[in-house]
1. In the stretch B:43-130, which helices (runs of 4 or more DSSP H) lie fully inside it and hold 2 or more residues that are within 22 Å of B:Ile317 (Cα to Cα)?
2. Return a yes/no flag: does the stretch A:34-49 have any residue that is at pLDDT 90 or above, closer than 23 Å to B:Met307 by Cβ and either assigned by the TED database to the domain that holds A:Lys254 or of a type in the set (A, V, I, L, M) (or both).
3. Within the stretch A:281-301, track down each residue that is touching an Asp or Glu at 6+ places or on another chain (Cβ under 8 Å) and surrounded by 16 or more Cβ atoms within 10 Å (Cβ to Cβ).
4. Specify the residue that is surrounded by the fewest Cβ atoms within 10 Å (Cβ to Cβ); the eligible residues are those in the stretch B:159-193 that are assigned to a loop (DSSP other than H, G, I, E, B) and not polar (S, T, N, Q).
5. B:Gly269 is checked against (1) assigned to a loop (DSSP other than H, G, I, E, B); (2) touching a helix residue (DSSP H, G or I) at 6+ places or on another chain (Cβ under 7 Å) and fails just one. What number does that condition carry?
6. Please enumerate the residues belonging to the stretch B:13-42 that are of a type outside the set (A, V, I, L, M, F, W, C) and outside any helix (DSSP H, G or I).
7. Restricting the stretch B:71-81 to residues that are within 11 Å of chain A (Cβ to nearest Cβ) and surrounded by fewer than 21 Cβ atoms within 10 Å (Cβ to Cβ), which is modelled with the highest pLDDT?
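The values are calculated or read from the model by the stated rules, or taken from the named source; none is laboratory data. None of the values given here were measured: they were computed from a predicted structure. Because the Cβ atoms are built from the backbone with ideal geometry, glycine has one as well, and the counts that use them run over all protein chains shown.
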Amino acid sequence: MLNNNKLNTHKLNPHKLAVMASAGALMIGAAGVAQAETLEDTLERGTVQCGVSDGLPGFSAPDDDGEWQGLDADVCRAVAAAVFGDAEAVRFTSLNAVERFTALQSGEVDVLSRNTTWTTTRDTTLGLNFTGVTFYDGQGFLVSRDLEIESAEQLDGAAICIQSGTTTELNLADYFRANDMEFDPIVFDTSEQTVGGFETGRCDVLTSDTSQLAALRIQLSEPDNAMILSDVISKEPLGPVVRQGDDQWFNIVKWSLFAMLNAEELGITSENVDEMLESENPNIARLLGQDGNYGEGMGLEADWAYNIIKQVGNYAEAYDRNVGMDSPLEIERGVNALWTDGGLQYAPPIR
Amino acid sequence: MTIRTEMIAQRPAPDQTIGALAWLRANLFSGPVNSVFTLLGLYLLYLLVAPTVQWAIIDADWVGTSRDDCSREGACWVFVKMRFTQFIYGLYPREELWRVNIVFASFAVLVAWLAIPRLPFKRWVAVVTLLPFPVCAFFVLYGGVLGLPLVETHQWGGLMLTLILAVVGMVAALPIGILLALGRRSQMPIVKSFCVVFIEFWRGVPLITVLFMASVMLPLFLPSGFGVDRLVRALIGITLFQSAYMAEVIRGGLQAIPKGQEEAAAALGMNYWMRMGLIVLPQALKMMIPGIVNTFISLFKDTTLVMIIGLFDLLGIVQAALSDSRWLGFSLEGYVFAGMMFWIFCFSMSRYSQYLERKLNTGHKN
């Protein structure tokens with residue numbers, strides 16, 4: 001996800017602007033790097049400063065009560081639970097695609113959890129570090145069931161609805177050229193128009209990142225008539241980002257996610273975590289701080305992971321609640337399943 | 001030969017010259033061409049209005065608490081209903097809403113006092129509105145004093161934020177605009193060139209660029225950890241931008257005042273500020289009411305651009321609500337609601353300005 005839906009309506013090219021802004025940051029000499037004591041500052045302030053998107057279904061959006069909900073928001077809650085033992089000690093700042101890196105560099109936020117694709121450029125030239133992958137996204141296709149298409153390779157000659165100004169256009173062209181196929185692009189400005197174009201039959205296929213396709217599908221008048229193909233034509237690993245130069249903070253954010261993944265692997269949920277405290281399994285005892293203090297190296301208490309699991313839940317709980325089967329989006333786990341279930345989510349052990 | 005001894009009672013005018021029928025005849029069906037156009041117009045109106053009413057009222061869903069209560073045949077006002085508090089107050093903590101209510105209620109009372117001609121002590125009320133009130137309002141909204149919990153500006157939003165941006169922008173831009181307009185007409189070369197450069201610079205860049213620079217570039221130039229609040233950044237940007245426009249509107253008014261007015265005032269021995277404050281500006285400003293209100297209305301609508309720097313104004317919070325996965329697909333309802341709110345405010349401003357114009361008799365109609 002390089003783009004931001006709302007910005008496109010203003011005819012900006014967010015990617016270019018982001019690069020411009022980051023080039024500016026470099027010229028000035030990486031303004032934010034000086035802050036090396038993020039944990040101390042955070043403890044003093046009493047809240048984790050977290051940057052989220054200004055509204056992305058399933059990842060971060062305010063609910064009816066004005067609370068930020070979503071997978072990205074839960075990552076920040078996990079960090080707060082690890083640091084303070086209180087998942088609600090988060091100060092959410094909504095950021096659009098253009099200003100997100102500046103906000104992190106300038107210290108306005110300390111964790112950027114705003115479905116940001118992990119790429120070489122971003123990881124190596126912006127003075128930032130990606131701490132892991134919360135969601136393996138990729139560009140996919142939404143097709144009408146009536147077409148009886150099962151694979152992206154059957155899409156030769158299709159009319160395809162795209163949202164303008166996004167990397168999806170480029171990926172699509174690359175994919176079709178590589179497979180020696182033709183397509184007819186129909187470009188729209190906003191997601192509402194894109195859905196409208198698909199619904200009125202101006203195109204046979206709609207393409208976007210799979211996490212967005214699920215949200216677009218719900219907006220159709222008859223969602224059951226459309227399906228998302230399993231083929232994915234690009235790699236968009238989304239993850240939290242922190243500033244370079246503060247390894248302690250980097251570790252905290254990285255291991256907060258790993259703790260959630262390990263908890264799922266070990267079968268610990270927010271429901272049974274208290275019973276699990278008694279567990280004989282050494283892996284569980286180490287994770288929950290019953291055997292040794294693995295938070296010490298990060299400057300945290302021994303119960304850091306217990307707090308995450310108790311208050312936010314393990315990865316499966318966060319996934320299902322926000323984007324998975326318990327949410328309106330109903331995105332299958334797919335590649336986001338644990339490695340033990342044939343997916344890609346794999347966390348190093350705690351020991 | 002008969003002679004009537006009593007007067008004939010007055011009879012009503014012939015049916016065909018008064019009443020609805022006559023009005024219809026005179027205005028809508030006065031000839032074949034007009035009749036055809038009237039019918040055509042009515043038909044088009046029917047084509048437009050019938051589906052709108054059908055969607056917005058007849059087929060609409062009003063009761064319920066979630067998207068499952070909406071049939072999706074018509075509008076789903078349940079969405080707006082559930083989100084109403086959020087649309088008005090943004091993410092302001094629910095238990096602290098009374099603070100916002102107090103500020104806006106007192107602001108409404110002050111403004112009403114100023115707007116209704118019969119009430120006394122106008123001057124004092126104006127002073128209170130312009131000086132102590134904004135400071136008090138800020139502390140009540142922001143908190144951190146007198147035991148009020150702190151509510152940071154990133155939690156402000158919705159209609160409340162739109163009003164704050166618009167009111168601060170208007171109130172701050174008017175005096176700055178007057179000074180800039182006077183400066184641009186000044187004989188002093190440095191003052192004059194400063195004002196010209198200021199006005200031409202801010203008028204030459206789009207507001208979206210100003211906001212964007214304020215939010216993305218400014219933090220990079222400031223020392224790390226020293227952040228200027230986003231709302232303040234937006235307010236400064238909007239005020240500078242708006243005052244440049246205001247200056248040009250007012251300069252137009254100043255130029256319409258005959259030079260003799262100022263010369264006569266000078267002949268009476270008045271100094272510069274007396275000439276301007278007592279003779280020229282009162283005449284110029286009342287002539288410029290349409291232009292000033294026009295600028296205000298456009299500012300009110302321009303505040304939606306703060307969306308690009310991550311502030312949730314009315315439109316921004318509606319869009320954020322639309323991306324809640326529990327309420328996907330109700331964008332039309334959200335936008336209709338935001339549009340109606342903007343229309344109500346802009347229309348009220350426009351009506352008040354027309355009333356002012358009549359009262360001050362700026363058209364020199366009689």
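1. Here the list reads B:77-89, B:97-115.
2. yes
3. Matches in the stretch A:281-301: A:Ala285, A:Leu288, A:Gly289, A:Gly295.
4. Looking only at the stretch B:159-193, we keep the residues that are assigned to a loop (DSSP other than H, G, I, E, B), and these are B:185-188.
Pick out the ones that are also not polar (S, T, N, Q) and you get B:185, B:188.
On the way: B:Arg185: 15, B:Met188: 10.
Per the criteria, the residue is B:Met188.
5. Here B:Gly269 meets the rest and fails (2).
6. Residues satisfying the conditions are B:Pro14, B:Ser30, B:Gly31.
7. Among them, the one singled out is B:Lys81.
Each row is one residue, and each column tells you yes or no for (1) surrounded by fewer than 18 Cβ atoms within 10 Å (Cβ to Cβ); (2) hydrophobic (A, V, I, L, M, F, W, C); (3) touching a residue at least 24 places away in the same chain (Cβ under 8 Å); (4) in a helix (DSSP H, G or I).
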position	(1), (2), (3), (4)
A:Arg177	yes, no, no, yes
A:Val187	yes, yes, yes, no
A:Ser208	no, no, yes, no
A:Ser211	no, no, yes, yes
